[in-house]
1. Tell me, what does the Kirkwood hydrodynamic radius of the range 99-212 come to in angstroms if you use every pair of distinct C-alpha atoms?
2. Can you pull the one-decimal nm distance between simple spin-label points at Lys276 and Ala226, each 7 Å off the Cα toward Cβ?
3. Considering the zone a paramagnetic label at Lys330 would reach in this model (a point 7 Å from Cα along the Cα-to-Cβ line), which residues of the range 244-264 have amide N under 12 Å from it?
4. Evaluate 2.2 N^0.38 Å with N set to the residue count of the range 186-296, then give the Cα radius of gyration divided by it.
5. PRE reach from Asn142 (point 7 Å along Cα→Cβ): which of the range 33-61 fall under 19 Å by backbone N?
6. In nanometres, what is the gap between the two model label sites at Leu160 and Arg233, each 7 Å from Cα along Cα-to-Cβ?
7. Kindly point out which whole DSSP H helices in the chain project their C-alpha atoms 15 angstrom or further along the helix axis while averaging a Kyte-Doolittle hydropathy of 0.5 or above.
8. Give me the number: length gained by fully extending Thr14 to Glu106, i.e. 0.36 nm times residue separation minus the C-alpha to C-alpha distance, one decimal in nm.
Amino acid sequence: MTAIRGATTISQDTAEEIRTETARLLSELVRANSLDISQVLCIFFSSTQDVTAIYPAKAAREAGFVSCALFSCMEPPIAGSLPLCIRVMIQTEQKIELPKYVYLNEAVRLRKDISEVINVAIDGPAGSGKSTVARLLAKKLNILFMDTGATYRAYALGCLRLGADPADEASVAKVADQISVDVTYDGTQHTFLNGEDVSDKIRTPEVSMAASTVSKIGFVREKMVALQQEVARKGSCVLEGRDIGTKVLPDARFKFFVTASPEERAKRRFLQDRKKGGSESMEEILADIIARDRQDETRAISPLVCAPDAEYVDTSNMSVDEVVSCLLRKIQEKI
Ligand code: DC
């Protein structure tokens, strides 16, 4: 079962406006969450004391919610609260991993964090823990998480499969029209190469290095950046990568540069790999991290740099939870 919240306001206490705004609020909630009305169990409304012309529950029944239980109640007076406000909570049998809350009219002020599109850009070098942090942060904020590195990885896998050399721009150009990368979300990101879900196949050391190499090519970046910007345009999300704050979303509301010393990053990756049964030595991992840093930082197009307006976070002596809480606090302070 899932509970979904929303609210709206009316400009005057008339039956007509209560009907129109209640119907609009419900239809926006249905649309945003792909709700199946037959699975809605009940809807609770609460309204401020100045909403009296008709019950919002009656308006909901008239708007087509004929088979679920409906409740309306009046809120106690709260000093400074929004006038003429109708709040709603829908309980549905559908399991919705990331319910979308809807706030309309003046009620937007109640939840600015979820009624505005918020993009959080997290950049940093390989192994800095930014993926883990970005994923957890997105979960806490109840918004989408986009792993942009996965798009370069899928592109690199496409090159390798087609026998193109990721270091040779002309060789990649020859196969470019046979490589199509896409992403979908169902709580987690799925990355597709020519329609095949390659989310797991792109996590090999060979693909890691090929992704770093192929990401130096201008036309590859243009394609991947356009895909990433489209995801960000559709709704609030946390994006992590190398050039999010500088190139993909230079206007992102929140920008962080998450890093740690190469040794600390190698240690983290070593422990992570061991858990998965990996056999690379600490020295090999450190060498790989240093090589990738050099390649990502020195490439001509969109090198890995901390955007001047990004917050620099050195996580060498911080746990994952500490980093997530730190970023969350900084975001909440600004919202
Ligand atoms: O974050 P990752 O390790 O999955 O990224 C793989 C490579 O893709 C990385 O070495 C550089 C490149 N990349 C990039 O150039 N820009 C991004 N926004 C993300 C990744």
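The values are calculated or read from the model by the stated rules, or taken from the named source; none is laboratory data. None of the values given here were measured: they were computed from a predicted structure. We place every Cβ from the backbone using ideal geometry, glycine too, and count neighbours over all the protein chains shown. Quick note on the areas: whole protein, heavy atoms, side chains included, nothing else; ligands and nucleic acids left out. Shrake-Rupley method; radii C 1.70, N 1.55, O 1.52, S 1.80 Å.
1. Details: mean 1/r = 0.0617 Å⁻¹.
It works out to 16.2 Å.
2. 3.1
3. 254-259
4. Details: Rg = 15.7 Å, N = 111, 2.2 N^0.38 = 13.2 Å.
That works out to 1.19 for the range 186-296.
5. Correct set: 33-36, 40-47.
6. Here the modelled spin labels are 3.2 nm apart.
7. Working: long enough: 15-33 (27 Å, -0.41); 130-141 (16 Å, 0.12); 149-161 (18 Å, 0.18); 218-234 (24 Å, -0.38); 262-275 (20 Å, -2.36); 282-298 (24 Å, -0.67); 320-334 (22 Å, 0.01).
Long hydrophobic helices here: none detected.
8. On the way: separation 92, 0.36 × 92 = 33.12 nm, distance 1.70 nm.
Length gained between Thr14 and Glu106: 31.4 nm.
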